[in-house]
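None of the figures in this text is laboratory data; all of them are computed from the coordinates on show. Quantities reported herein were computed from a predicted structural model and do not represent experimental measurements. Glycine also receives a Cβ, built like all others from the backbone with ideal geometry; neighbour counts cover every protein chain displayed.
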Amino acid sequence: MQARAPLMIEHRLIEQMLNVIQHELERVEQTQSIDPYFVDKAVDFIRVYADRTHHGKEEDILFRDLWKKQQSNEVWQMMDELIEDHVFARNTTKALVEANMRYRRGHGAALGEVTARLRTLLDFYPKHIKKEDEIFFPATRAYFTEEEDQAMLAEFWEFDRKMIHEKYKSVVKEFEAK
Ligand SMILES: [Fe+2]
Ligand SMILES: [Fe+2]
């Protein structure tokens, strides 16, 4: 298995989640209301899975190893753009959390912002994923030897192994802070 394989498999689950959000938005159009708990779960997926677990492996391992390589300007630019994309997703999610908080407190007008932020994520992720799957991953594979690629893959598994512990430590810390 190549190192990019788990990243591409994760992209498929992110796409499935986007479909779930899409269906929820269609329901919201009819009812003019959203379940704030649904938004919490979607945010948890985006933050813990799409951002920390998935973007984490991209940035902390793949991009880190690519920075060490002598490479074309095109690749540097692509990497910069992908990092900016990740920041954009993080900021959009933060704004979604804030809007959801207002909505939950009874500000009905915040519904528009909640749905707008969800739509932004629905629009953003497929483009970002396409860039990685079709351009960035194939283009950057050539910079690594088979051994380097396999070392990254091993580090990906190790990174994943820690995630469940990180997630639930943060849950306990959050409760303790209240
Ligand atoms: Fe990415
Ligand atoms: Fe990705």
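See the values below:
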item	result
Ellipsoid equivalent to segment 37-97 - semi-axes via the Cα gyration tensor, in Å	28, 12, 6
Cα gyration tensor shape of segment 91-178, rounded if a/c is under 1.5, else prolate or oblate by comparing a/b with b/c	oblate
Normalised contact order of segment 64-125, rounded percent, pairs of Cα under 8 Å and 6 or more residues apart	29 percent
Debye log10 I(q)/I(0) for segment 20-62, one point scatterer per Cα, at q = 0.17, 0.26, 0.27, 0.29 Å⁻¹	-0.56, -0.84, -0.87, -0.93
Loop sites in segment 100-158: trypsin sites (Lys or Arg not before Pro), DSSP, at most 15 other Cβ within 10 Å	Arg105
Shape call, segment 118-159: gyration tensor on alpha carbons, a/c limit 1.5	oblate
Inter-site label distance for Glu24 and Glu84 at 7 Å from Cα along Cβ, in nm	2.9 nm
Residue-averaged 222 nm ellipticity for the chain, from DSSP H runs of 4+ at -39500 (n - 2.57), nearest 500	-25000 deg cm²/dmol
Fraction of the pair-distance distribution of the chain above 24 Å, Cα-Cα pairs, percent	44 percent
Residues His11, His165, sorted so that the one with the fewest Cβ neighbours within 10 Å comes first	His165, His11
Net lengthening on full extension, Gln2/His107 (0.36 nm per residue, minus Cα-Cα)	33.0 nm
Net charge over other residues, Cβ less than 13 angstrom from the Cβ of Phe45 (K, R count +1; D, E count -1)	-2
Pair Ile164, Asn73: separation of 7 Å Cα→Cβ label points (nm)	4.8 nm
